[in-house]
1. Being in contact with a Pro (Cβ under 6 Å, 6 or more places away or on another chain) and not aromatic (Phe, Trp, Tyr) is the filter here, so list the residues in region 155-170 that pass it.
2. Which ones in region 114-133 are more than 10 Å from ligand 1 (Cβ to nearest atom) and over 22 Å from Asn240 (Cβ atoms)?
3. Using the structure shown, decide if Val150 is outside any strand (DSSP E or B) and either modelled with pLDDT of 95 or more or surrounded by fewer than 20 Cβ atoms within 10 Å (Cβ to Cβ) (or both).
4. Name the residues in region 248-300 that are under 22 Å from Tyr149 (Cα atoms), of a type in the set (A, V, I, L, M) and surrounded by 17 or more Cβ atoms within 10 Å (Cβ to Cβ), would you?
5. Any residue in region 99-106 that is within 16 Å of ligand 1 (Cβ to nearest atom), polar (S, T, N, Q) and more than 22 Å from Asn240 (Cα to Cα)?
6. On the basis of being farther than 26 Å from Tyr60 by Cα and not small (Gly, Ala, Ser), does Glu231 make the cut?
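The values are calculated or read from the model by the stated rules, or taken from the named source; none is laboratory data. Not measured: the values here are computed from a predicted model. Cβ placement follows ideal geometry from the backbone for every residue including glycine, while neighbour counts extend to all protein chains displayed.
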Amino acid sequence: MSRRWTNDLSRADATPEHLFLNRRQLFGALGAAGLGAALPMGARAQDALEPNSFEEITSYNNYYEFGTGKTDPVKNAHTLTTDPWAITIGGLVEKPGDYSMADIVSQMDIEERVYRFRCVEAWSMVVPWNGFELADLLEMVGVKPEAKYVAFETVYRPDEMPGLRYPVLDWPYVEGLRLDEARHPLTLMATGLYGKPMPNQNGAPIRLIVPWKYGFKSIKSIDRITLTDKEPPTSWNKANPREYGFYSNVNPEVDHPRWSQATERKIGGGLFSRREPTLMFNGYDEVASLYEGMDLKANF
Ligand SMILES: Nc1nc2c(c(=O)[nH]1)N[C@H]1C(S)=C(S)[C@@H](COP(=O)(O)O)O[C@H]1N2
Ligand SMILES: [Mo]
């Protein structure tokens, strides 16, 4: 059941925005009645999955290629040409090549995933992404047995990305995952949100989403994927290895050297904007087995 990457709203598995809004109003009413603080754990988990509005998700962004301010991407990212688009997939794969966006998406099953999203800066959102599992793309190109890691690169276009003039990071933005992390069913290649094509400021036309890791692992506007046998360099680790590790799993017990990671602030929450406890693996306990026997304080 492949779908076009335009993510038309007619598809059966989409939740229309007005239904999200109705649920939001319901939770708002609960909060107004003073029940928010006394909700049992089950209800708290539901509260955590109340999606942020389209407006919130698309106007408070980190996309340093378009500036370092939270509203710079919404102002500047319209200059990025996202169609046509292709991803160069290479390294330790059976079928290396330039895969057009249309070609990729025609072979993938686009679904909706409502995920928590936790930035290393200690703010969070809940986002209804549209996309497909990275595992399916890796299957399509055939991973060679020697491959152990997946490296990702953001498009590098000085003419379209005003932030590239500033040496904030060593451009292009690069990221990486261990192969088992990349193949985990939670790991998404996102092509849209709220059933709409991915807005430029959120990483159009295609980005990574790894919901149990800090947001900077979720690299935007990907034009290169390389399978390797060595841990690939990653932008924030290169910029400051003391503060940002390769793994960067959300972990309330491992503080950033300059601030606590024990709590977080949900963006745009109104009554819910009080700080919430941060959850191990951002609440995605099913990934714990990937790290069995690893010291997650040393491998932060
Ligand atoms: N290429 C690129 N990808 C990026 C970033 C960036 O600056 N450039 N910022 C990261 C950070 S720090 C976060 S928190 C998320 C933000 O995603 P959002 O703007 O969709 O919320 O994107 C990540 N991916
Ligand atoms: Mo972030």
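1. Taking region 155-170 as the starting set, the residues that turn out to be in contact with a Pro (Cβ under 6 Å, 6 or more places away or on another chain) are 156, 164.
Correct list: Leu164 only.
2. In the first step, residues of region 114-133 are kept if they are more than 10 Å from ligand 1 (Cβ to nearest atom); the result is 114-116, 122, 126, 128, 130-133.
Val114, Tyr115, Arg116, Val126, Pro128, Asn130, Gly131, Phe132, Glu133 - these are the residues of region 114-133 that are more than 10 Å from ligand 1 (Cβ to nearest atom) and over 22 Å from Asn240 (Cβ atoms).
3. Values: outside any strand (DSSP E or B): no; either modelled with pLDDT of 95 or more or surrounded by fewer than 20 Cβ atoms within 10 Å (Cβ to Cβ) (or both): yes.
It is false that Val150 is outside any strand (DSSP E or B) and either modelled with pLDDT of 95 or more or surrounded by fewer than 20 Cβ atoms within 10 Å (Cβ to Cβ) (or both).
4. Listed by number, the residues that qualify are Val250, Val287.
5. Restricting attention to region 99-106, the residues satisfying the condition of being within 16 Å of ligand 1 (Cβ to nearest atom) are none.
For region 99-106, residues within 16 Å of ligand 1 (Cβ to nearest atom), polar (S, T, N, Q) and more than 22 Å from Asn240 (Cα to Cα): absent.
6. Details: farther than 26 Å from Tyr60 by Cα: yes; not small (Gly, Ala, Ser): yes.
Judged against the criteria, Glu231 is a match.
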